[in-house]
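A short worksheet on the structure shown next.
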Amino acid sequence: MQTTLAIDAILSSLFLLLLGQMIRAAESTKRPHIVIILADDMGWNDVGHHGSNQIPTPNIDALAYDGILLNRHYSAPMCTPSRASLMTGRNSINTGMQHYVIDSDEPWGLGLDQKIMPQFFKEAGYKTHLVGKWHLGFFAESYTPTKRGFDNHIGYWGPYIDYWNHTLKMSDPSKQYVGYDMRRNATVDMKSHGTYATDYFTEAASSVILDHNSEEPLFLVVSHLAPHAGNADDPMQAPEETINKFGYISDIDRRIYAAMISKLDDSVGQIFNTLKTKNMLENSIILVMSDNGAPSVGMHSNTGSNYPMKGQKNSPWEGATRSFAALWSPLLQERQRVSNQFVHITDWLPTLASAAGIEVPFSKQHSEIDGIDQWEALSYDTGNPRRVILHVIDEIAGFTSYMENGYKYVNGSTTHGFFDKWFGLLDANDTIPSDGEYFARVLETDIAKWSNDSLTKDTIKHLRKHARIHCGALPDDINFCDPLIQPCLFDIINDPCELNDISHKHPEKVAAIQYKLNIYRRSAAKPRNKPDDPAANPANFGGVWTWWRTDDDASEETGSSPEIQEDYPWLKELEIPPPHSSLPENVRLTVIITIVVIGVVFVVGALIYLSNKNLLRTCTKDKLVESGLACGVKPVSEPKSTLPSDSSNSSDGKMPEGCENSSTAQITSKAYRIRNNLERY
């Protein structure tokens, strides 16, 4: 009898164990495959779905039209902060990654205390792969991708490489550092030498998908070099046969840039087709986006266009932070639409984790400026949960960019304000493909055909119209703003081109925003930036960029010293002013007078107190007795100041009707010239 019971118990245990394994296997197959395709320094105006026919991007466009075209997607203004936010789901000011980028000879990176995206997905049973760029630090081995949650990495560790020979030359002319930067996990990948980088990464991503067991969930990040510029001595590179397709573009650099974009678009199409070959599309989520706006001019410029938005990469303007993005998946309930829901790059960790049924616990420091789960809002088009976006607070460079409920605040800028302009207006003399050719190319893609003819020319035409930015009508009393002199405020919904400063009309709103920014600033992590280290020179390692410090030597300090500008001579040369007064001019005098009056009253009171101490002590004692405080009754403490909640589902921030047909009024000659340029667009 006892033997029978024992056997039954063993069989029951085995059955439960087997059942648990079957349930886990079923859950694993239900989790969606997730593919993130990240472009580097690609402009808003360099994809066809925003209205330009100059550079056809039929695969990216078809993915956007058949999925969700994310028309208000924001990132950080530069590579390293943007990628850190994508990986952590946290704003760069909370991780110390807010200032500039990591040069290959600098000993710092994303803190090891930060749990990043592949670690969450790996714990949930995903196979995690990174193809392409890392740029989050490699000075010590523990900072490299395969030590941070990726099962495999094929690509490079630094900010950029030559497209063909895969070397990085330091952009600082005072340094002669040159090294090879291509890896297959921790091993130097010399076999890739001579292969065009975009093609190499596309083939690597396709191989990852083909070799993957489709019964297991896949997490794949394809982080392209394109269209980032290469080394300074040969920045623009593409295969000759691809360049020749764009002979109608007169600017030779822009022609090569178009070829770089075209190869990137081909990559999106090939990755999509590889997922289809493996029968993985039905359970896949594909996200395509740029890490920030294009650098039209200046260092690492690639002729990219963010037009008609203001500014470019490494600036506080929309041209730096409003990046193109598209989300595609059969799992989305409301597709083939333009979304004007505000989405920040920090949102993708909790959003994609939510789609995969993964819980992402937040730290005690979590606030509304960090990632928000937007899966339900995007999938069902149920409103706009995000109302606040902190683009950047850079105390070293001295500029701030922040958006709240459609009002954008800018204080300070970069490069003496040289980027505070509109760049990338296309040459009107170039003969570009017609709308008919554009529609035909999109509909010929395998992505469009996969939709079983539900994606039509009329649908594309409608979506493209609503995805295009219209600068709107300018008022008669237009007010230009120089953020190097005073803070600016813009109605970013109705003035997406940041033409008219309205700070003088809303001083109370400016003051309220500054109050919040001061709270964010006080709680921000110190920048982690470190000065360059000559020990990183690839000449010390056989001409290869690699880690040069041991993990024991790798400092885990949270930031650099307060005198960081002394370590960065180029920052001192820019002579960027410190952050300006947090009060507008018209409020400043009133505040000063109030402070003086309070000071006088305080001094008079102090004198009375000192000359009548006994009388005051008697009166105070009587008051304490009357109030009960002298009898051991404790006062009720005041509640701590808290920020008002900015989350709301009331509006999705859509552009008001009729903006595109509004006429501009007669304004100053400077505004008149800007208006004429915008009308040409």
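The values are calculated or read from the model by the stated rules, or taken from the named source; none is laboratory data. Treat the numbers as computed from the prediction; the structure is a model and nothing was measured. Every residue, glycine as well, gets a Cβ built from its backbone with ideal geometry; the counts of neighbours run over all protein chains shown. These accessible areas exclude ligands, DNA and RNA; they are computed on the full protein's heavy atoms, side chains included. Shrake-Rupley method; radii C 1.70, N 1.55, O 1.52, S 1.80 Å.
General remarks:
- Of all accessible heavy-atom area on the range 226-288, the percent that carbon and sulfur account for (1.4 Å): 45 percent
- Alpha-carbon centroid distance for the pair the range 72-98 / the range 429-499, whole angstrom: 25 Å
- Loop-located GluC sites (Glu not before Pro) in the range 183-241 (DSSP state not H, G, I, E or B) with no more than 11 neighbouring Cβ atoms inside 10 Å: E215.
- Heavy atoms of R521 accessible to a 1.4 Å probe, total area in Å² rounded to 10: 70 Å²
- Note on M117: accessible area is roughly 0 Å² with a 1.4 Å probe, heavy atoms of protein only.
- Between E376 and L331, the modelled labels are 1.6 nm apart [label points 7 Å from Cα along Cα→Cβ].
- Residues of the range 419-520: accessible area per residue with a 1.4 Å probe, Å²: 48 Å²
- Among the protein heavy atoms of the range 410-529, carbon and sulfur supply 51% of the accessible surface, probe 1.4 Å, non-protein parts ignored.
- Magnitude of the charge dipole, the range 247-379, Cβ model with Lys/Arg +1 and Asp/Glu -1, debye to 20: 420 debye
- Within the accessible area of the range 51-166, the carbon and sulfur atoms contribute 44%, probe 1.4 Å, all protein chains present.
- Probe 1.4 Å, protein heavy atoms only - accessible area per residue of the range 293-339 in square angstrom: 19 Å²
- Among 304-317, 246-259, the peptide with the highest mean count of other Cβ atoms within 10 Å heads the list, and the full ranking is 304-317, 246-259.
- Accessible area in square angstrom per residue, the range 48-134, 1.4 angstrom probe: 15 Å²
- For the range 282-293, 3J(HN,Hα) computed residue by residue from phi via the Karplus equation (6.51, -1.76, 1.60; θ = phi - 60°) reads 4, 10, 10, 10, 10, 10, 10, 6, 9, 6, 5, x Hz, glycine and proline entered as x.
- For I34, nonlocal amide neighbours, meaning residues 5 or more places apart or on other chains whose placed amide H falls under 5 Å from its own, are L218, F219, L220, I285.
- For M78, the solvent-accessible surface with a 1.4 Å probe is about 20 Å², rounded to the nearest 10.
- Anisotropy class of the range 387-466 from Cα gyration tensor, a/c 1.5 cut: prolate
- Positive-end extreme of charge dipole, the range 385-518 - chosen from G412, A448, N518 (charges on Cβ): A448
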